[in-house]
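To start, the structure itself, in structure tokens.
Since every read-out is calculated from the coordinates, none of them should be taken as a lab result. None of these values were measured; they are calculated from a predicted model. All Cβ positions, glycine included, derive from the backbone under ideal geometry; neighbour counts span all protein chains shown.
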Amino acid sequence: MVTDKVADLLTRIRNAQAAGHKAVSVPASNLKQQVLKVLGEEGYIGEVSEAKNADDKPILNIELRY
């Protein structure tokens, strides 16, 4: 169980960048979408798209920029 959704989001992005990944997927929420919108406007991340995972739950696919 994750109690701090924003910290989890930022940690996933940081870990994916450290590992050299081109993209990362995170569970979707309105709060995360708004944080990602700001990160995208500031140029820290690329495009964000919404999809469904195998359990039919929404996820956000985040393109990483280097």
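How large is log10 I(q)/I(0) at q = 0.18, 0.23 Å⁻¹ when the Debye formula is applied to the Cα atoms of the stretch 1-61, each weighted equally and without solvent?
Log10 I(q)/I(0), no solvent term: -0.64, -1.05.
What distance in nm separates the two pseudo spin-label positions at L10 and D56, each 7 Å out from Cα along the beta-carbon direction?
Rounded to a tenth, the inter-label distance reads 3.6 nm.
In the stretch 29-66, which GluC sites (Glu not before Pro) are in a loop and have at most 16 other Cβ atoms within 10 Å, using DSSP for the loop call? Walk me through the numbers before you get to the answer.
Working: sites: E41, E42, E47, E50, E63; in loops: E42.
Listed in order of number, the matching sites are E42.
Beta carbons within 10 angstrom, averaged per residue: use that to sort the peptides 15-24, 28-37, highest first. Present the calculation step by step, with values, prior to reporting the outcome.
Numbers: 15-24: 12.4, 28-37: 14.2.
Order by mean packing, descending: 28-37, 15-24.
How much FRET efficiency would the formula 1/(1 + (r/R0)^6) give for H21 and E47, where r is the Cβ-Cβ distance and R0 is 22 Å, rounded to 0.05? Don't skip to the answer; put the middle values down first.
On the way: r = 15 Å, r/R0 = 0.67.
Computed FRET efficiency for H21 and E47: 0.90.
If you add up the charges near K22, with Lys and Arg at +1 and Asp and Glu at -1, over every other residue whose beta carbon is less than 12 angstrom from its beta carbon, what do you get?
Values: positive: R65; negative: E47, E63.
Net charge around K22: -1.
Percent relative contact order of the chain, based on C-alpha pairs within less than 8 angstrom and at least six residues apart? Could the numbers behind the result be given before it?
On the way: 78 pairs, mean separation 22.4, N = 66.
Relative contact order for the chain comes out at 34 percent.
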